[in-house]
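Just so you know, all these numbers are worked out from the coordinates, no wet-lab data involved. What you see is a predicted model, and the numbers here were worked out from it, not measured in a lab. All Cβ positions, glycine included, derive from the backbone under ideal geometry; neighbour counts span all protein chains shown.
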Amino acid sequence: MVSHDFDYYRPKSIQEAITLYQSLKLNGKKPKYYSGGTEIITLGRLNMVYEDAMIDLKEIPEYRLLYSSESRLIIGAGLSLVQIEESDPFPLLSKTVSEIADHTARMKITLGGNICAQIYYREAVLPFLLSDSLLMIAGIDGIKFFPIHEVFHQCLRLNDGAFLIQVSTDQKFIDAPHVSIKRRRQWNTGYPLITVAALKVDNQVRVAISGLCPYPFRAFEMEEWLNNDQLSIEEKINEALKHLPSPILNDMLGSSEYRLFVLKNTLMDILVEFQEGVS
Ligand SMILES: Cc1cc2nc3c(=O)[nH]c(=O)nc-3n(C[C@H](O)[C@H](O)[C@H](O)COP(=O)(O)OP(=O)(O)OC[C@H]3O[C@@H](n4cnc5c(N)ncnc54)[C@H](O)[C@@H]3O)c2cc1C
């Protein structure tokens, strides 16, 4: 049970949500956007969420949209991970989110809630980092699209009162060859030791990683080495590993050394799969 009372709102439009957030603040409340609610409820039970007004975004039509045009795929941030898996609009995304939590939790967890989560794995962001997607964000100054690499540095950098509405991805990435590998310490559900998602675009391998550092990231510097055709697969990986960000996690799930060992093997599997021609 959450030990403090909070007011609960379900605005029906983007503008209503933005206005509501501002007016609650002006009235001395601490508002918070609410999506699947799984993290808010979990942290609330631990007394780690103190906001007293929840603004549930799921009644907003644009937030739950799934739309594919000739040029772009639009995914509403309010879709649950199960809805994404079942409609399968972006195979790499479906594969990545299907490994998050268990089916019951994925029926509640939303794309937006995972990308904006406080817990640092945020695995659903990996396919969008790889596909240079655009994020549609609503704020006090209107609705704008931002390139993901402009606003997502370790976490989504939002101004106070802003929220993520949709993610827009160029169709050229949707059916590109891909691999997503999640290595856990044990069991088939739960947080990753390492998750690596990879996409091959214009014959170049792109890599994004969660679970290695206390944030998910696109491994731009590593990609340069992984795509160096002068090197063997082993040499590519050894060079790439010299360009890791820091710090490397060292926790109950695994030491930094063990994580690096698992990462090396995972990269090996990915490069071999691409060499053999994955779909
Ligand atoms: C059993 C279990 C196992 C899990 N395993 C994993 C795992 O392996 N990997 C992984 O990545 N995740 C995992 N998760 C999910 C993760 O821990 C979060 O609980 C989940 O991603 C939050 O999603 P939500 O939709 O419930 O968000 P909420 O709880 O609604 O919100 C989470 C945070 O994001 C903010 N927020 C939500 N939506 C928006 C928005 N549109 N714009 C701005 N801010 C917003 C909220 O204010 C809040 O701070 C697991 C969860 C469970 C329950």
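Quick one: Ser131, Ser168, Ser210, Ser68, fewest Cβ neighbours within 10 Å first, how do they rank?
Ser68, Ser168, Ser210, Ser131
Treat every Asp and Glu Cβ in the chain as -1 and every Lys and Arg Cβ as +1, leave all other atoms uncharged, and give the resulting dipole magnitude about the Cα centre to the nearest 20 debye.
That gives a dipole near 700 debye.
Using a Gaussian network model on the chain with a 10 Å cutoff between Cα atoms, which of Met252, Met222, Met54 fluctuates the most?
Checking each option, the largest mean-square fluctuation is seen for Met252.
How do Asp269, Asp160, Asp229 rank when sorted from fewest to most other Cβ atoms within 10 Å of their own Cβ?
Arranged by neighbour count, lowest to highest, Asp269, Asp160, Asp229 become Asp229, Asp160, Asp269.
Quick check on the stretch 138-279: take the gyration tensor over C-alpha atoms, sort the square-rooted eigenvalues as a ≥ b ≥ c, and tell me if it's rounded (a/c under 1.5), prolate or oblate.
Oblate, because a/c is 1.5 or more while a/b does not exceed b/c.
Of the options Ser168, Ile119, Cys155, report the single residue whose Cα projects farthest towards the positive end of the charge dipole of the stretch 108-183 (beta-carbon charges: Lys, Arg +1; Asp, Glu -1).
Sorting the options by dipole projection puts first Ile119.
For each of Leu156, Leu244, Leu26, count neighbouring Cβ atoms within 10 Å of the residue's Cβ, then give the residues from fewest to most.
Ascending Cβ contact count within 10 Å gives the list Leu26, Leu244, Leu156.
Residue separation times 0.36 nm, minus the C-alpha to C-alpha distance between Asn159 and Gln204: what's the value?
Additional length available on full extension: 12.8 nm.
In what sequence, highest mean first, do 169-177, 74-82 appear when ranked by Cβ atoms within 10 angstrom?
For the peptides 169-177, 74-82, the packing ranking is 74-82, 169-177.
Only sites in a loop by DSSP and with at most 13 other Cβ atoms within 10 Å count here; which chymotrypsin sites (Phe, Trp or Tyr not before Pro) in the stretch 1-102 make the cut?
In loop regions of the stretch 1-102 (DSSP not H, G, I, E or B), the sparsely surrounded chymotrypsin sites (Phe, Trp or Tyr not before Pro) are Tyr50.
Work out the charge dipole of the chain with +1 on the Cβ of Lys and Arg and -1 on the Cβ of Asp and Glu about the Cα centre, then indicate which of Tyr215, Ile233, Tyr67 is farthest towards its positive end.
Ranked along the dipole, the leading option is Tyr215.
Any idea what diffusion coefficient the stretch 7-56 gets from Stokes-Einstein, in µm²/s, Kirkwood Rh on alpha carbon pairs, 20 °C, 1.002 mPa s?
192 µm²/s
Loop only per DSSP, at most 16 neighbouring Cβ atoms within 10 Å: give me the GluC sites (Glu not before Pro) in the stretch 20-64, ordered by residue number.
Passing sites in the stretch 20-64 are Glu59.
For a quick size check, give me the Cα extents of the stretch 134-174 along its three principal axes, largest first, whole Å.
Cα extents, longest axis first: 33, 22, 12 Å.
Over the stretch 7-56, calculate the relative contact order: mean separation of alpha carbon pairs under 8 Å at least 6 apart, over the residue count, as a percent.
Value for the stretch 7-56: 52 percent.
If you wrap a convex hull around the Cα atoms of the stretch 1-160, how much volume per residue is inside, in Å³?
118 Å³
In terms of the Cα gyration tensor, with a ≥ b ≥ c the square roots of its eigenvalues, is the stretch 108-177 rounded because a/c is under 1.5, prolate because a/b exceeds b/c, or oblate?
oblate
About its Cα centre, how strong a charge dipole does the stretch 7-56 have in debye, to the nearest 20, once Lys and Arg get +1 and Asp and Glu get -1 at the Cβ?
60 debye
In Å, what Kirkwood hydrodynamic radius results for the chain from the alpha-carbon pair distances?
19.6 Å
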